[in-house]
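Shown next, in structure tokens, is the structure this report addresses.
The values are calculated or read from the model by the stated rules, or taken from the named source; none is laboratory data. Note that the structure is a prediction, hence the values are computed from the model and not measured. Every residue, glycine among them, receives a Cβ derived from its backbone with ideal geometry; neighbour counts consider all protein chains shown.
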Amino acid sequence: MKIKKYVGKNMQDTIFKVKAELGSDAIILNTRKFKEGGILGFFAKEKVEVLAGVEEKEQNNRPETNREIQEIKSMLSNLNKNWNENDFVRSLSEPLKKVFNLLLQEDVNESLARYLIEKMQESDNPEEQMEILSNEIETIIGPPAPLVVKSDNQKVVALIGPTGVGKTTTIAKIAADFVQNNNYQVGLITADTYRIAAVQQLKTYSDIINIPLEVVYDENEFAKVLASKYKDYDLILLDTPGSSWNDKVQLGRLKKLVNKNLIDETHLLLSLNSSKDNIEKVIEKFSELNPNRFLLTKIDEATKYGSILNIGYSYKQPFSYYSAGQDVPDDIEVAYQEKLMPFILGDKNA
Ligand SMILES: Nc1nc2c(ncn2[C@@H]2O[C@H](COP(=O)(O)OP(=O)(O)OP(=O)(O)O)[C@@H](O)[C@H]2O)c(=O)[nH]1
Ligand SMILES: [Mg+2]
């Protein structure tokens, strides 16, 4: 019940106020007369106080109503969107309609697919249109940014990403490449101290490649290892524990480790065998760790490749590498545009 106090100069006036505000269902709970004003009570005026209440209207269907309004709004907005989309698709020539649908089937974001088609429409010639598409895709993927190591300039690189995305395996692939092909001094560090098997996994690789592995529990130990044992190494690769994108505690711990005072480059690994929504969520959540490269994994297990374009179009960070299998050290490639484009354009063996 909603209860309110009303004050007036007489009973009639005050009850009138009550009814005006609370309606005719209002119930008078109490009345009293009192004096107000005057100096020390002299010349005080008599007043009436009425305590009135009214049963509140049932509120429990309000959230329902709000939700319904939201649903209606969202239906209207979808309807509107569909109309626009349909208008757009209807306006396309058959070949462009086909390309548009193929892009959507690849999970290219709709706004991006539309952008690409609109670019293609700048020409009437089908061959030129395909060339425009190919050029646009090349631009969106952008030039790769693999690791560049100089012997007089030590580089410390962290690989981060969700559980099981391929961090440890990829570290082994990169390390092997820099040792075998460039003869650099490479040191490994793992901060994945949650699982004994995780350290063991990297230890096995470090033994095979014949390079050292250090285990660190926090950023202080990490800084110490960099300043002592690995002081003169060319490349130091930091393996991190897999972190679910909704595990804030673990992300917080990782953030301390992967800070710009200690690390030169942070590569966020994204598995192409997961959905575009999942990939977007991973990027969004890991963005607080400020990754400056994207490294694509499991391209061999992917069924759709649109995410490559979605990422390239929406984020400024370049791709560094992509991995296409479990074999260490072979299954890793620099993310050259011409290597990635055939996945999207459909000719993977080009
Ligand atoms: N098919 C395929 N499998 C891969 C690729 N990269 C890694 N894997 C496999 O994915 C599994 C997980 O790889 P890890 O390197 O252990 O992944 P991680 O990110 O270190 O995992 P956590 O440390 O548990 O977070 C292993 O079986 C790898 O062999 C790839 O490019 N393609
Ligand atoms: Mg690992």
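What the table shows:
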{"read-out": "Residues that are assigned to a loop (DSSP other than H, G, I, E, B) and within 30 Å of the chain's Cα centre (by Cα), drawn from the stretch 108-155", "value": "108, 109, 142, 143, 144, 145, 146, 147, 148, 149"}
{"read-out": "Boolean, residue 186 is more than 25 Å from residue 317 (Cβ to Cβ) and not hydroxyl-bearing (Ser, Thr, Tyr)", "value": "no"}
{"read-out": "Number of the condition not met by residue 175 [criteria: (1) surrounded by 24 or more Cβ atoms within 10 Å (Cβ to Cβ); (2) under 27 Å from the mean Cα position of the chain (by Cα); (3) within 18 Å of residue 329 (Cα to Cα); (4) not basic (Lys, Arg)]", "value": "(2)"}
{"read-out": "Single condition residue 172 does not satisfy, out of (1) within 16 Å of ligand 1 (Cβ to nearest atom); (2) at pLDDT 95 or above; (3) not in a helix (DSSP H, G or I)", "value": "(3)"}
{"read-out": "In the stretch 187-212, the residues that are among the β-branched types (Val, Ile, Thr), touching a helix residue (DSSP H, G or I) at 6+ places or on another chain (Cβ under 7 Å) and away from ligand 2 (no atom under 13 Å from the Cβ)", "value": "209, 211"}
{"read-out": "Matching residues, the stretch 329-350, being crowded, with 22+ Cβ neighbours inside 10 Å and under 16 Å from residue 174 (Cα atoms)", "value": "332, 335"}
{"read-out": "Which listed residue is out of contact with any Asp or Glu (no Cβ under 7 Å at 6 or more places or on another chain), in contact (Cβ under 8 Å) with a residue 40 or more places away in the chain, away from ligand 1 (no atom under 16 Å from the Cβ) and not aromatic (Phe, Trp, Tyr), from 226, 238", "value": "226"}
{"read-out": "Sole exception among (1) more than 16 Å from ligand 2 (Cβ to nearest atom); (2) out of contact with any Phe, Trp or Tyr (no Cβ under 9 Å at 6 or more places or on another chain); (3) closer than 24 Å to residue 330 by Cβ for residue 184, by number", "value": "(2)"}
{"read-out": "Members of the stretch 175-208 that are part of a helix (DSSP H, G or I), in contact (Cβ under 8 Å) with a residue 40 or more places away in the chain and more than 15 Å from ligand 1 (Cβ to nearest atom)", "value": "178, 180"}
{"read-out": "Qualifying residues in the stretch 316-328 (those that are out of contact with any Gly (no Cβ under 8 Å at 6 or more places or on another chain) and small (Gly, Ala, Ser)) - the one surrounded by the most Cβ atoms within 10 Å (Cβ to Cβ)", "value": "320"}
{"read-out": "Leading residue by the ranking (nearest to ligand 1 (Cβ to nearest atom)) among those in the stretch 321-350 that are of a type in the set (Ser, Thr, Tyr) and under 15 Å from residue 271 (Cβ atoms)", "value": "323"}
{"read-out": "Filter result for residue 170 (among the polar types (S, T, N, Q), in contact (Cβ under 8 Å) with a residue 24 or more places away in the chain and under 25 Å from residue 313 (Cα atoms))", "value": "yes"}
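Residues checked against (1) surrounded by 14 or more Cβ atoms within 10 Å (Cβ to Cβ); (2) modelled with pLDDT under 95; (3) under 17 Å from the mean Cα position of the chain (by Cα); (4) away from ligand 1 (no atom under 14 Å from the Cβ):
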{"site": "250", "(1), (2), (3), (4)": "yes, yes, yes, no"}
{"site": "270", "(1), (2), (3), (4)": "yes, no, yes, no"}
{"site": "283", "(1), (2), (3), (4)": "yes, no, yes, yes"}
{"site": "309", "(1), (2), (3), (4)": "yes, no, yes, yes"}
{"site": "314", "(1), (2), (3), (4)": "no, no, yes, yes"}
